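Colleague: Here it is, the structure in full.
The values are calculated or read from the model by the stated rules, or taken from the named source; none is laboratory data. These numbers come from a predicted model, not from an experiment. Here the Cβ is made from the backbone with ideal geometry for all residues, glycine too, and neighbour counts use every protein chain on show. Each accessible area value is taken on the protein alone, full model and side chains, heavy atoms only, with ligands, DNA and RNA left out. Shrake-Rupley method; radii C 1.70, N 1.55, O 1.52, S 1.80 Å.
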Amino acid sequence: MPPAVATIDTASPNRSWRDNALLQGWLVLLLAIVFGALLAGVQTALGPAIADNKRNETLSRVPQLIPPPDTAATSAQLEVDTRMLPVSSGGRTAVYRIHRASRDDELAGWVVQVAGQGYADRIEVLLGLSPAADVITGLFVLDQKETPGLGAKIAEAPWRGQFAGKPAALPLEVIKGGGASGNQIDAITGATISSRAVTDIVNRTLADVRDQLATDAGKAAP
Amino acid sequence: MSTPSAGQRFIRGILPENPVYRQMLGLCATLAVTNNLKSAVTMGAAVLFVLVCANLMVSLIRHLLTPHLRIVIFTLTIATFVTVADRLLAAFLYPMSKALGPYIPLIIVNCIIICRCEVCAAKQGPLTAVADALGQSIGFTLALVSLAAVREILGTGMWFGFRVLPAAWPDWVIMVLPPGAFLTFGLLLGLTNWISAQRAGKEEA
Amino acid sequence: MTMKASGMEKTDLKNASVDPTLTEVAPSPHLVEGGRTTRRMMIDVLVALAPLVGAAIYFFRWSAVRQMAICLAACLTVEALCALMRRRRPPLADGSAAVTAIILALSLPATAPWYAGVIGSMVAIGIGKALFGGLGMNLFNPAMVGRAFVMISFAGALGAAGYQDAGSAIDIMTQATPLTAFQQSGVVTGLADLLIGRTNGSLGETSALACLAGGLFLCLRRSAAWRIPASMLAIAALFAILQTGFTAQGWTPAHHLCGGALLFGAFFIATDPVSSPLTPQGQMIYGAGIGALVMIIRIFSGYPEGVMFAVLLMNGLTPLINRWTIPPPFGEQ
């Protein structure tokens with residue numbers, strides 16, 4: 001604002017109007033109201049679609065991590081219920097997002113969404129488990145910023161595919177040089193730290209939620 | 001100095017006053033989103049939308065602007081249209097919106113837009129303002145695409161996600177990382193300067 | 001001090017003709033060693049590199065020859081092209097491009113693919129040197145710029161894992177490098193192997209004795225500033241002692257000094273006269289900084305070796321170190 005003129009002519013109504021900061025800003029206020037209404041409209045129109053996009057991003061991966069039904073006759077759609085499961089152990093609390101997948105009201109498997117520290121940044125994964133939570137049925141990396149060409153291979157199918165079919169009871173172990181068997185996972189050449197980070201996330205998740213899920217599965221059974 | 005016409009404004013934005021190579025504006029986004037062509041084109045389109053809307057809006061209310069409140073009004077206008085662009089992307093191009101992350105909201109602080117509002121839209125009519133916005137955003141998009149083409153081809157052997165170099169091509173990973181952005185931008189900027197110096201030399205001769 | 005015979009208008013001391021009837025005066029600096037040219041220095045470096053080249057060829061055979069041939073051809077070609085683009089005579093005879101080529105080749109693993117040498121040379125000479133305005137103007141050590149570019153680009157082939165080639169006919173190339181072997185599996189390589197060079201690693205870094213021999217020659221010829229390797233090795237040794245203590249078992253400070261690229265870097269990479277500080281004091285700071293950074297990267301980061309990044313980081317600080325340490329001219333406040 002320009003400095004006020006030394007003598008303010010209060011007699012002139014025009015003058016006092018110009019000195020009123022609130023009135024001077026009428027255009028700003030008007031625009032704020034118009035733009036606010038515009039944004040509210042956009043949010044109302046697009047909000048549901050955006051929320052759907054966010055949810056589908058995760059949920060669209062769930063069927064890939066749940067094994068197909070035993071009998072080909074079942075054509076029932078996979079239904080997914082999501083809940084949060086906080087687990088406290090050893091002084092720390094981790095929150096797991098548990099997706100319970102079922103077909104025709106029968107439990108088809110679990111998908112656990114969890115994040116942990118990688119080599120470069122946070123790694124977020126989806127871990128598929130069998131209904132009794134005793135076998136890993138798959139792993140998907142939702143978000144990672146590992147080194148391109150090295151650590152980023154954790155998100156590629158050949159590496160993360162190793163997890164499918166591994167027993168959930170024993171902690172997984174990363175080995176170098178290939179030839180992994182049993183509860184072992186082959187490290188990515190040149191990216192042992194990233195490989196270990198993902199495996200650690202999986203091990204910790206299993207330790208935290210396996211019992212809980214197995215109990216839940218028992219309860220759900222008729 | 002006479003005020004440039006709509007046509008002049010449009011042409012100038014594309015090359016002679018290219019926002020990236022000539023005015024060196026909006027470099028944050030330029031460096032950050034050009035590791036592949038899809039992000040670069042999406043970013044260009046988002047800037048086009050915001051710049052056209054903001055320039056049009058500002059031009060329409062240009063007679064109502066007071067000098068000390070104009071920046072507030074520019075910012076308000078730009079922020080609104082950026083938010084609209086961000087929501088539109090999240091609703092219809094969700095993977096792109098996720099890949100671009102904070103760089104769409106950051107268009108609010110992209111100097112190209114506030115610069116055009118100030119230089120052109122606040123002084124000239126709607127037609128000129130829109131022509132100016134189109135020229136500048138096409139220039140911006142061209143600059144992004146030129147950077148992204150170099151980086152994506154060298155860094156991944158792909159062009160718009162299609163493989164253009166043989167599979168045996170060793171990916172120059174550094175090109176898709178931040179250092180690659182600075183190197184490529186520096187080299188292309190040097191190239192454009194060299195070309196215009198050659199041209200100026202010819203004209204003098 | 002001897003007044004050098006030279007005409008005021010003639011600055012080239014070496015070629016100045018002396019007229020015995022004139023007492024000639026010249027403005028400072030009065031260079032005593034007029035023969036100290038770029039060319040002589042570069043030839044010194046090439047001579048000093050000979051033991052390293054010899055060791056590399058002896059231990060890595062054909063791979064070493066191939067790598068050096070690729071880098072030499074690529075560096076000289078790019079140097080010539082860049083000079084031609086600026087319409088100048090290619091300065092190949094000064095030997096600086098050859099030195100960059102050999103140092104780059106010696107800093108690459110024996111297993112490095114051919115394109116790593118070619119692209120590394122292009123970046124080293126083109127971006128690392130020519131873009132800054134040629135020899136003497138570059139901020140960073142060209143060979144290290146080239147190496148950093150290819151190492152980040154082809155991390156799979158040039159990172160720690162890239163050094164190993166299980167199918168190689170040469171025995172040492174099937175092993176992990178001493179630093180990687182220790183960092184990842186706690187295997188300690190014998191000191192004798194480190195000294196002689198019977199280990200895997202970048203071509204020029206494996207033999208500590210060859211590095212020492214070449215390095216001492218350079219320092220004695222004063223083609224390298226001795227303060228840089230001295231302070232660098234002293235600080236690295238200090239950090240090593242802090243980490244391991246005075247121990248004679250396992251990975252000792254001696255292993256830290258002889259393993260990896262520390263000696264090669266100290267004598268041949270950090271001493272690049274263009275990208276290192278000018279003053280004695282500055283050279284001490286610069287060397288100490290590199291030594292500290294190398295050890296910090298080795299001990300705390302995911303990389304087994306840090307000479308390249310340490311040198312590049314300190315190169316960036318060189319102008320600042322020069323500003324701090326150049327004494328003010330006489331009479332200036």
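Colleague: Name, by its number, the condition in (1) more than 13 Å from chain A (Cβ to nearest Cβ); (2) free of Cβ contacts under 8 Å to residues at least 60 places away in the same chain that does not hold for B:Leu65.
Modeller: Failing condition for B:Leu65: (1).
Matching residues to (1) touching an Asp or Glu at 6+ places or on another chain (Cβ under 8 Å); (2) of a type in the set (Gly, Ala, Ser):
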position: A:Leu127; (1), (2): no, no
position: A:Ala132; (1), (2): no, yes
position: A:Val135; (1), (2): no, no
position: A:Lys145; (1), (2): yes, no
position: A:Ala164; (1), (2): no, yes
position: A:Pro171; (1), (2): no, no
position: A:Gly178; (1), (2): yes, yes
position: A:Thr189; (1), (2): no, no
position: A:Thr199; (1), (2): yes, no
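Colleague: Condition test on C:Gly167, is it in a loop (DSSP other than H, G, I, E, B), within 24 Å of A:Ser195 (Cβ to Cβ), out of contact with any Cys (no Cβ under 7 Å at 6 or more places or on another chain) and away from chain A (no Cβ under 13 Å)?
Modeller: Working: in a loop (DSSP other than H, G, I, E, B): yes; within 24 Å of A:Ser195 (Cβ to Cβ): yes; out of contact with any Cys (no Cβ under 7 Å at 6 or more places or on another chain): yes; away from chain A (no Cβ under 13 Å): yes.
Yes; evaluated as a whole, the condition is true for this residue.
Colleague: When you scan the stretch A:173-203, how many residues do you find that are free of Cβ contacts under 8 Å to residues at least 40 places away in the same chain, open to solvent by less than 20 Å² (accessible area, probe 1.4 Å) and of a type outside the set (A, V, I, L, M, F, W, C)?
Modeller: Result for the stretch A:173-203: 2.
Colleague: Out of C:Ala69, C:Ala50, C:Ala74, which single residue is modelled with pLDDT of 80 or more, touching a helix residue (DSSP H, G or I) at 6+ places or on another chain (Cβ under 9 Å) and buried (at least 16 other Cβ atoms within 10 Å of the Cβ)? Break it down stepwise before answering.
Modeller: Details: C:Ala69 fails: buried (at least 16 other Cβ atoms within 10 Å of the Cβ); C:Ala50 fails: buried (at least 16 other Cβ atoms within 10 Å of the Cβ).
Only one candidate qualifies: C:Ala74.
Colleague: Which pairs do you get when a residue that is within 11 Å of another protein chain (Cβ to nearest Cβ) and closer than 12 Å to B:Phe92 by Cα, found in the stretch A:38-62, comes within reach of a residue that is surrounded by 13 or more Cβ atoms within 10 Å (Cβ to Cβ) and modelled with pLDDT of 90 or more, reach meaning Cβ atoms under 6 angstrom, with the pair 6+ apart or on two chains?
Modeller: That search, which allows pairs on different chains as well, returns A:Leu46/B:Arg87; A:Leu46/B:Ala91; A:Ala49/B:Ala91; A:Ile50/B:Ala90; A:Ile50/B:Ala91.
Colleague: Test A:Leu170 against the stated conditions and say whether it is touching a residue at least 60 places away in the same chain (Cβ under 8 Å) and either more than 14 Å from chain B (Cβ to nearest Cβ) or surrounded by fewer than 20 Cβ atoms within 10 Å (Cβ to Cβ) (or both).
Modeller: Spelling it out, it is not the case that A:Leu170 is touching a residue at least 60 places away in the same chain (Cβ under 8 Å) and either more than 14 Å from chain B (Cβ to nearest Cβ) or surrounded by fewer than 20 Cβ atoms within 10 Å (Cβ to Cβ) (or both).
Colleague: State whether one or more residues within the stretch C:135-158 are open to solvent by 10 Å² or more (accessible area, probe 1.4 Å), on the phi < 0 side of the Ramachandran plot, within 13 Å of chain A (Cβ to nearest Cβ) and assigned to a loop (DSSP other than H, G, I, E, B).
Modeller: Yes, the stretch C:135-158 contains at least one residue that is open to solvent by 10 Å² or more (accessible area, probe 1.4 Å), on the phi < 0 side of the Ramachandran plot, within 13 Å of chain A (Cβ to nearest Cβ) and assigned to a loop (DSSP other than H, G, I, E, B).
Colleague: Return only the number of the condition from (1) modelled with pLDDT of 75 or more; (2) acidic (Asp, Glu); (3) closer than 30 Å to B:Leu69 by Cα that A:Asp19 does not satisfy.
Modeller: In the conditions (1) modelled with pLDDT of 75 or more; (2) acidic (Asp, Glu); (3) closer than 30 Å to B:Leu69 by Cα, A:Asp19 misses (1) alone.
Colleague: One residue is enough: does the stretch B:42-53 have a residue meeting the conditions within 14 Å of another protein chain (Cβ to nearest Cβ) and open to solvent by 10 Å² or more (accessible area, probe 1.4 Å)? It would help to see each step written out before you state the result.
Modeller: The first filter runs over the stretch B:42-53 and keeps only residues within 14 Å of another protein chain (Cβ to nearest Cβ), leaving B:49-50, B:53.
Keeping just the survivors that are open to solvent by 10 Å² or more (accessible area, probe 1.4 Å) gives B:49, B:53.
Yes: the stretch B:42-53 contains one or more residues that are within 14 Å of another protein chain (Cβ to nearest Cβ) and open to solvent by 10 Å² or more (accessible area, probe 1.4 Å).
Colleague: Give the residue that is modelled with the lowest pLDDT, with candidates limited to residues of the stretch C:216-269 that are among the aromatic types (Phe, Trp, Tyr) and open to solvent by 40 Å² or more (accessible area, probe 1.4 Å).
Modeller: By that ranking, first place goes to C:Phe246.
Colleague: Which condition number in (1) more than 14 Å from chain A (Cβ to nearest Cβ); (2) small (Gly, Ala, Ser); (3) open to solvent by 20 Å² or more (accessible area, probe 1.4 Å) is the one that B:Gly101 fails?
Modeller: Unmet for B:Gly101, out of (1) more than 14 Å from chain A (Cβ to nearest Cβ); (2) small (Gly, Ala, Ser); (3) open to solvent by 20 Å² or more (accessible area, probe 1.4 Å): (1).
Colleague: Right, something else. Six or more apart or on different chains, Cβ under 6 Å: which pairs go from a residue in the stretch C:181-194 that's within 12 Å of chain A (Cβ to nearest Cβ) to one that's polar (S, T, N, Q) and open to solvent by 70 Å² or more (accessible area, probe 1.4 Å)? Could you list them?
Modeller: As it stands, the answer is none, since no pair meets every condition given.
Colleague: Report the residue count in the stretch B:184-205 for those that are assigned to a helix (DSSP H, G or I), more than 17 Å from B:Gly26 (Cα to Cα) and either more than 18 Å from the chain's Cα centre (by Cα) or within 13 Å of chain C (Cβ to nearest Cβ) (or both).
Modeller: So the answer is 15.
Colleague: So B:Val72 ticks every box in (1) open to solvent by less than 50 Å² (accessible area, probe 1.4 Å); (2) within 10 Å of another protein chain (Cβ to nearest Cβ) but one. Which box is left unticked?
Modeller: The failed condition is (1).
Colleague: With out of contact with any strand residue (DSSP E or B) (no Cβ under 6 Å at 6 or more places or on another chain), within 25 Å of A:Pro67 (Cβ to Cβ) and modelled with pLDDT under 85 as the only criterion, which of A:Gly182, A:Gly161 stands out?
Modeller: Numbers: A:Gly161 fails: modelled with pLDDT under 85.
Step by step, each of A:Gly182, A:Gly161 is checked, and only A:Gly182 is out of contact with any strand residue (DSSP E or B) (no Cβ under 6 Å at 6 or more places or on another chain), within 25 Å of A:Pro67 (Cβ to Cβ) and modelled with pLDDT under 85.
Colleague: Tally the residues that are over 18 Å from C:Phe140 (Cβ atoms), assigned to a helix (DSSP H, G or I) and more than 14 Å from every other protein chain (Cβ to nearest Cβ), restricting the search to the stretch C:275-309.
Modeller: 10
Colleague: Suppose the filter is free of Cβ contacts under 8 Å to residues at least 12 places away in the same chain and closer than 29 Å to A:Gly149 by Cβ; does A:Gly218 pass it?
Modeller: Spelling it out, it is not the case that A:Gly218 is free of Cβ contacts under 8 Å to residues at least 12 places away in the same chain and closer than 29 Å to A:Gly149 by Cβ.
Colleague: Next question. Please determine, by comparing only the residues of the stretch C:202-215 that are over 11 Å from C:Ala55 (Cβ atoms) and open to solvent by less than 30 Å² (accessible area, probe 1.4 Å), which one is nearest to the chain's Cα centre (by Cα).
Modeller: The selected residue is C:Gly215.
Colleague: Let me confirm something: among B:Leu154, B:Leu134, B:Leu142, which residue is within 14 Å of another protein chain (Cβ to nearest Cβ), open to solvent by 30 Å² or more (accessible area, probe 1.4 Å) and either at positive phi or assigned to a helix (DSSP H, G or I) (or both)? Let's see the steps before the verdict.
Modeller: Values: B:Leu134 fails: within 14 Å of another protein chain (Cβ to nearest Cβ); B:Leu142 fails: within 14 Å of another protein chain (Cβ to nearest Cβ).
After ruling out the rest, the residue left standing is B:Leu154.
Colleague: What is the number of the single condition among (1) within 14 Å of B:Ile112 (Cα to Cα); (2) open to solvent by 10 Å² or more (accessible area, probe 1.4 Å); (3) not in a helix (DSSP H, G or I) that B:Pro16 does not meet?
Modeller: Among (1) within 14 Å of B:Ile112 (Cα to Cα); (2) open to solvent by 10 Å² or more (accessible area, probe 1.4 Å); (3) not in a helix (DSSP H, G or I), the lone unmet condition for B:Pro16 is (1).
Colleague: Let me ask something else about it. Would you pick out the residues in the stretch B:157-176 that are open to solvent by less than 40 Å² (accessible area, probe 1.4 Å) and in contact (Cβ under 8 Å) with a residue 24 or more places away in the chain?
Modeller: B:Met175, B:Val176, listed by residue number.
Colleague: Kindly list, by first and then second residue, each pair from a residue in the stretch C:244-269 that is under 16 Å from C:Ile196 (Cβ atoms) to a residue that is open to solvent by less than 10 Å² (accessible area, probe 1.4 Å) and not in a helix (DSSP H, G or I), limited to pairs with Cβ atoms under 6 Å and residues at least 6 apart or on different chains.
Modeller: Taking only residues 6 or more apart or on different chains, the pairs are C:Phe264/C:Gly204.
Colleague: In the stretch C:59-72, is there at least one residue being within 19 Å of C:Arg39 (Cβ to Cβ) and among the charged types (D, E, K, R)?
Modeller: There is no residue in the stretch C:59-72 that is within 19 Å of C:Arg39 (Cβ to Cβ) and among the charged types (D, E, K, R).
Colleague: Condition first: of a type in the set (Gly, Ala, Ser), in contact (Cβ under 8 Å) with a residue 40 or more places away in the chain and open to solvent by 10 Å² or more (accessible area, probe 1.4 Å). Now tell me which residues in the stretch C:111-134 satisfy that. Step through it out loud before you land on a result.
Modeller: Let us first name the residues in the stretch C:111-134 that are of a type in the set (Gly, Ala, Ser), namely C:112, C:116-117, C:120-121, C:124, C:126, C:128, C:130, C:133-134.
With the extra rule that they be in contact (Cβ under 8 Å) with a residue 40 or more places away in the chain, the set shrinks to C:112, C:116-117, C:120-121, C:124, C:126, C:130, C:134.
Correct list: C:Gly126, C:Ala130, C:Gly134.
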